[in-house]
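Asks: Attaching a single structure in C-alpha cells format; questions to follow.
Nothing in this text is a laboratory measurement; each read-out follows from the coordinates by a stated rule. As the structure is a prediction and not an experimental result, all values here were calculated from the model. Cβ: placed from backbone, ideal geometry, glycine included. Neighbour counts: every protein chain shown.
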C-alpha cells in the first residue's frame, strides 16, 4: 500500500477524535460511506496511524462514490506531472495507433460506456496512445486496455493516465506487459506450483486433459479479472491490488479454482477453458462476498512463492539454454540441408559427367575398333599393291630381257603403256602408305584418349 502524499485535504484531527471515530466504525450500524469520507479527508494522517485498519477496510470494498479518489490516493498518483505528459502525448502520433483502434472495440464490448456511440472508446484510445508514447519499451499490450478501461469508468482521462503510470511503475504491471512477458511467465508458474501444492488432484486433472496454466490464467493477470469476472468483482480486486499488490490476484485465482473444482473435474479441456474464460461471471454474479471470503482465507505463503520464483529462474535459465541449444541444432540442420542439397546437385552433375565420359569412352572404343579394322584392310591393300608392283617390276625385267633376246625376230613391246602402268602402281603404293601413316596416327590418338578416359573413371 502506498504511503505517498494525497491531493485531498490533509487536515490533522486530534488523536482522541480519530480513535473515537474508528471505535465507532467497528459498529456495523455506522455508515461505511461516512467512514471513507473521513479517511479521504484525513488520508495522510490515517495512513500513517492506522495502515492495517485501512487495509481491512479496503478488503471489505471501497464504496463506489469514493472509489476513484481512493484509488488515486492508494497509488499516490502525481496529477501535475501526468497532466503535463498527457497534454504532450495526446497531440503526438504513435506507431501503435492501428492496433489500439482495433482493440478498443473489443474492450468491455457489452458496456454502454464503450459502445460505438459512447465516449469510452475515444478516451480509451487517447490514454493507451499516450502511454505507448510514454513507455516505448512496453508500447501497447491488449490486456492493459482492460485495466485502463476500469480506470476510465471511474475517472477522467488525465486522472486515469496518472494512476496508470503508478500501476505500471510502482506495481510492476509494465513487467507483465513487456513484449518478453517474462513477469507473466513467472506469475503463471507460481500459480501452477500453488495449485499443485494446494490442490494436487485438480492439478493432475488439468494435466490429464491437456490444460496448461497459460491457457486459462493469462487474462486473469493481464486484465485483473476484468475480462472474465463481473465488473464489480474486478473493481474489488483492483481495490485490494492497490493496497496489497499482486498477492490478491493469486488469492482470487486460487479461490476460483477451489470454489469451482467440483465442476472442473467433470469437464474436458474444451469445457474447462470455456468455464474459466466465459462462465465465471455467471458463477459469481449473485454472490460477490463468497469469492473474496475464500480468497482471504487461501493459504498464501510468501516464502513458498519466493521459492517458486527461484525455481522459475532456474527453469527459465535451463529453458533458455535448451532453446539456445535447439537454435544451434536447427542452424546446424539448416547448414546440413544446404550441404545435402549442394551435394545432391554436385552428385547429379558428377553423374552426368560420368555418363558423358562413359559414352565418350564407348564411342572412342568403337572408333578404335573401326580404325583398327580399316587399318588392317589398308594393310592388306598395301600388301596387295606391293605384290602387284613387284609383279610389274618382274614383268618389266622379263620383257626387257626378252626384248634384248628377240629383237631380231621382231618382238615389240609398247614401252609407253608399260611405263604408265608402273607409274600408276607406284602412285597407288604411295597413297596406300600415306593412308596407313594417317591411320596409325589416328589409332595412336584414340588409344591415348581411351587410356585417359579409363584413368578418369
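Asks: Using a Förster radius of 60 Å, what is the FRET efficiency between residue 299 and residue 115 based on their Cβ-Cβ separation? Nearest 0.05, please.
Replies: Approximately 0.90, to the nearest 0.05.
Asks: What's the FRET efficiency of residue 435 with residue 333 using the Cβ-Cβ distance as r and R₀ = 56 Å, to the nearest 0.05?
Replies: 0.30
Asks: How long is the stretch 181-300 along each principal axis, judged by its Cα atoms, biggest number first, in Å?
Replies: Its Cα atoms span 37, 33, 25 Å along the three principal axes.
Asks: If contacts are Cα pairs under 8 angstrom and at least 6 residues apart, what is the relative contact order of the stretch 147-283 in percent?
Replies: About 22 percent, as a whole number.
Asks: What distance in nm separates the two pseudo spin-label positions at residue 362 and residue 172, each 7 Å out from Cα along the beta-carbon direction?
Replies: 7.8
Asks: Over the stretch 26-126, how many percent of alpha carbon pairs lie in each 5 Å bin up to the one with the longest distance?
Replies: 2, 10, 15, 14, 13, 13, 12, 11, 7, 2, 1
Asks: Based on the Cβ-Cβ distance of residue 285 and residue 90, what FRET efficiency does E = 1/(1 + (r/R0)^6) give at R0 = 30 Å, to the nearest 0.05?
Replies: That gives a FRET efficiency of 0.25.
Asks: For residue 424 and residue 311 in the same chain, what is the full-extension length gain: residue separation times 0.36 nm, less their Cα-Cα distance, in nm?
Replies: Once the chain is fully extended between residue 424 and residue 311, it gains 29.5 nm.
Asks: Also, I was wondering about something else. Which distance in Å, rounded to a whole number, links the C-alpha centroids of the stretch 202-261 and the stretch 66-130?
Replies: 24
Asks: Determine the distance separating the Cα centre of the stretch 149-200 from the Cα centre of the stretch 342-363; give it in Å without decimals.
Replies: What the calculation gives is 67 Å, centre to centre.
Asks: Which three extents, in whole angstrom, do the alpha-carbon atoms of the stretch 199-246 cover along their principal axes, largest first?
Replies: Taking the Cα atoms of the stretch 199-246, the three principal extents are 36, 20, 15 Å.
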